[in-house]
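The values are calculated or read from the model by the stated rules, or taken from the named source; none is laboratory data. Keep in mind that what you see is a predicted model, and the values were worked out from it rather than measured. Every residue, glycine among them, receives a Cβ derived from its backbone with ideal geometry; neighbour counts consider all protein chains shown. Surface accessibility is based on the protein's heavy atoms, side chains included, excluding ligands, DNA and RNA. Shrake-Rupley method; radii C 1.70, N 1.55, O 1.52, S 1.80 Å.
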Amino acid sequence: WTEYFEELSLVEQSLRQDPARVYPEMDFESRNLLRNELELLARDTRTSEVKVAETVLSLAQAGKGTGDDPLKGHVGYYLLDEGLSQLTKALGSKRFGMRQVRSVMRANPNLTYFSLLGLLFTLPFALLLQTVYSLLNLGPLQLIICGLLMVAPIGEIAIRILHALLMRIVPPRPLPKIEFRNGIPIEYSTMVVVPTLLTSSSDLRKLLKQLEVYHLANQDPHIYFALLTDFADAPTQEEASDSQLLKEALDGIAALNKRYPHPDQLEYFHLLHRERRYNPQEGAWIGWERKRGKLIEFNALLAGEEETSFTVISGNRELLKTIKYVITLDSDTQLPKEAAMRL
């Protein structure tokens, strides 16, 4: 149905001529998002959808011709972004429909949120305070105390009402996405990392099994997987069981790479392990900044820094230079089929 619909839709044929060549590369949900926005705009401005699509295309062609901002050459700029006002003006519409209201609210989020919150708080607060004053005939000090007591409950109610209203007026909108029909390009290579502790052989086996499941559900030559590990906190920098646990981890990663060979003679699975460092506040030897520190230092490696507390980095370190994105998972988090590519 989706193929037939897009083949027959005149709106679709116009948008597919996107000068930026972005629209044809989007996934169906993103293309549908733009078409829905166009439909709403046509309804608001009482213009045919075909005319709106042609006007969007004309603006994008003119925008690309100026060369000052590459975004202006994309049809989505006029349907979802700052070009909406330019599009509405080009359509010659003086109507200010719900779509324009949403656009203004999205463009001024702080002003919208705090103005509405102030209104929803001030009106009931003033009315309730006036009612209390009229009924009880309180003095100034008593009225101030009463007002202070009312701030928290009225504020809570105002926030709840505001959030309910905003969800209806400005519903969540998905981010437009490019569809990688032929897999993830090398320039968008991604590493799925699990920051964790090496504590026991049984836990390690579970972690390795989890990496294997991640890979089987998200197979792509440019999606890689890594454990970012520390040893558990200890009173000394090294413990007797450390070397054996680390060897088991490296052997497990090697076994996974042997079981699932990479087509480009690289390795899907990696282990990056850090040494303990003394923390005077904790009075113990720990992995620097624990989980947060692992992610900070991993990103530092990707950015080309060499001085980190990682003492073991398995595989080809040159691969790290090709990584564009990082997906961070907890050890108990699932990564369903093709979720990495969709992200």
Task: Long-range neighbours under 6 Å by Cβ, at least six apart or interchain, first residue in contact (Cβ under 8 Å) with a residue 24 or more places away in the chain within the range 56-74, second surrounded by fewer than 20 Cβ atoms within 10 Å (Cβ to Cβ) and outside any helix (DSSP H, G or I) - done: Leu57/Gln17; Ala60/Pro19; Gln61/Pro19; Lys64/Pro19; Gly73/Pro19; Gly73/Ala20; His74/Ala20; His74/Val22
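Can you tell me how many residues within the range 316-343 are assigned to a loop (DSSP other than H, G, I, E, B) and open to solvent by 100 Å² or more (accessible area, probe 1.4 Å)? Quick ask: steps written out before the conclusion?
Keep residues of the range 316-343 that are assigned to a loop (DSSP other than H, G, I, E, B), which gives 316, 323-324, 329-338, 343.
Retained after the next criterion (residues that are open to solvent by 100 Å² or more (accessible area, probe 1.4 Å)): 324, 332, 334, 337, 343.
Residues in the range 316-343 being assigned to a loop (DSSP other than H, G, I, E, B) and open to solvent by 100 Å² or more (accessible area, probe 1.4 Å): 5 in total.
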Task: Odd one out for Leu246 among (1) among the hydrophobic types (A, V, I, L, M, F, W, C); (2) within 31 Å of the chain's Cα centre (by Cα); (3) outside any strand (DSSP E or B) - done: (2)
Task: Hey, Leu204 without any contact (Cβ under 8 Å) to a residue 60 or more places away in the chain, open to solvent by less than 20 Å² (accessible area, probe 1.4 Å) and among the aliphatic types (A, V, I, L, M) or not - done: yes
- [ ] Sort out which residues of the range 1-18 are under 17 Å from Lys64 (Cα atoms), open to solvent by 20 Å² or more (accessible area, probe 1.4 Å) and touching a residue at least 40 places away in the same chain (Cβ under 8 Å), and write them in order of number.
- [x] Gln17
- [ ] Within the range 4-16, identify whether any single residue is assigned to a loop (DSSP other than H, G, I, E, B) and either under 20 Å from Ser85 (Cβ atoms) or of a type in the set (Gly, Ala, Ser) (or both), and answer yes or no.
- [x] yes
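Give the residue that is farthest from the chain's Cα centre (by Cα), with candidates limited to residues of the range 93-119 that are farther than 16 Å from Val170 by Cβ and at pLDDT 90 or above. Steps first, please.
Here is the first cut: in the range 93-119, the residues farther than 16 Å from Val170 by Cβ are 93-95, 118-119.
So of that shortlist, the ones also at pLDDT 90 or above come out as 118-119.
Working: Gly118: 30, Leu119: 32 Å.
Looking at residues that are farther than 16 Å from Val170 by Cβ and at pLDDT 90 or above, I get Leu119.
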Open item on the list: Which condition from (1) aliphatic (A, V, I, L, M); (2) under 29 Å from Leu165 (Cβ atoms); (3) open to solvent by less than 20 Å² (accessible area, probe 1.4 Å) is the one that Ala60 breaks?
Closed with: (2)
TODO: Filter the range 219-246 down to residues that are without any contact (Cβ under 8 Å) to a residue 24 or more places away in the chain and either of a type in the set (A, V, I, L, M, F, W, C) or crowded, with 20+ Cβ neighbours inside 10 Å (or both), then give me how many there are.
DONE: 1
Open item on the list: Looking at the range 126-173 only, could you name the residues that are open to solvent by 70 Å² or more (accessible area, probe 1.4 Å) and in contact with a Gly (Cβ under 6 Å, 6 or more places away or on another chain)?
Closed with: none
Task: Odd one out for Glu37 among (1) open to solvent by less than 40 Å² (accessible area, probe 1.4 Å); (2) of a type outside the set (A, V, I, L, M); (3) closer than 30 Å to Leu149 by Cα - done: (3)
Task: Among residues of the range 95-125, those that are touching a residue at least 40 places away in the same chain (Cβ under 8 Å), hydrophobic (A, V, I, L, M, F, W, C) and surrounded by 13 or more Cβ atoms within 10 Å (Cβ to Cβ), counted - done: 5
Open item on the list: Just to be sure I understand the filter: pairs with C-beta atoms under 8 Å, separated by 6 or more residues or on different chains, first member in the range 24-37 and over 13 Å from Glu3 (Cα atoms), second member of a type in the set (Ser, Thr, Tyr). Which pairs pass?
Closed with: Leu34/Tyr23; Arg35/Ser9
Open item on the list: Being over 23 Å from Asp330 (Cα atoms) and open to solvent by less than 20 Å² (accessible area, probe 1.4 Å): is that true of His262 here?
Closed with: yes
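Does Gly183 satisfy the condition of being part of a loop (DSSP other than H, G, I, E, B), at pLDDT below 95, open to solvent by less than 40 Å² (accessible area, probe 1.4 Å) and over 30 Å from Glu248 (Cα atoms)? Give the steps one after another, and end with the answer.
Details: part of a loop (DSSP other than H, G, I, E, B): yes; at pLDDT below 95: yes; open to solvent by less than 40 Å² (accessible area, probe 1.4 Å): yes; over 30 Å from Glu248 (Cα atoms): yes.
In short, yes.
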Open item on the list: Just the residues that are touching a residue at least 24 places away in the same chain (Cβ under 8 Å), exposed (fewer than 13 other Cβ atoms within 10 Å of the Cβ) and either touching a Cys at 6+ places or on another chain (Cβ under 6 Å) or part of a loop (DSSP other than H, G, I, E, B) (or both), please, taken from the range 275-315.
Closed with: Glu282
